[in-house]
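Each reported figure results from applying straightforward, stated rules to the coordinates on display, with no laboratory input. Because the structure is predicted, anything quoted here is derived from the model rather than measured. Here the Cβ positions follow ideal geometry from the backbone for every residue, glycine too, while neighbour counts run over all protein chains shown.
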Amino acid sequence: MSVDIETVKKIARLSRIAVSDAEAEALLPELNNILGWVEQLGEVDVSGVEPTAAVIPNRLRLREDEVTHGDRREDVLSNAPAREDGFFGVPKVIE
């Protein structure tokens with residue numbers, strides 16, 4: 001697949017990127033090279049390869065679910081800019 005100058009300008013317009021004629025000419029070989037690399041990837045034999053989201057096995061590391069002393073309201077609210085009845089005070093957003 002090959003890209004021409006009109007396609008470069010169309011891509012730039014769709015991307016809402018202002019591109020001069022000289023910049024479009026400079027982008028033309030770069031986009032063609034990128035498409036060439038994508039075509040090379042299409043030639044790779046991946047039969048028998050299971051699709052993955054990552055190349056290394058990832059396991060979710062969970063901490064132990066331990067009950068802790070939860071009576072820390074004053075510690076939590078100590079840095080609050082506004083407090084109301086033991087809760088964070090926030091400005092009204094609905095008129």
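With N as its number of residues, the chain has a Cα radius of gyration that, divided by 2.2 N^0.38 Å, comes to 2.27. For the stretch 1-61, GluC sites (Glu not before Pro) meeting the loop criterion (DSSP other than H, G, I, E, B) and having at most 14 other Cβ atoms within 10 Å: Glu43. Sequence-ordered 3J(HN,Hα) estimates for the stretch 31-48 from the Karplus curve with 6.51, -1.76 and 1.60 and θ = phi - 60° stand at 5, 5, 5, 4, 5, x, 5, 5, 5, 4, 5, x, 7, 6, 7, 10, 5, x Hz, glycine and proline given as x. Computed about the Cα centre, the dipole magnitude for the chain is approximately 300 debye when only Lys and Arg (+1) and Asp and Glu (-1) carry charge, each at its Cβ. For the chain, the 222 nm mean residue ellipticity estimated from helices alone, with every DSSP H stretch of n ≥ 4 adding -39500 (n - 2.57) and the total spread over all residues, rounds to -12000 deg cm²/dmol.
Sparsely packed loop sites in the stretch 1-56 (the trypsin sites (Lys or Arg not before Pro) outside DSSP H, G, I, E and B with at most 12 other Cβ atoms within 10 Å) comprise Arg16. Using the beta-carbon distance between Lys9 and Asp45 and R0 = 35 Å, what value does 1/(1 + (r/R0)^6) give for FRET efficiency, to the nearest 0.05? In this case the efficiency is close to 0.45.
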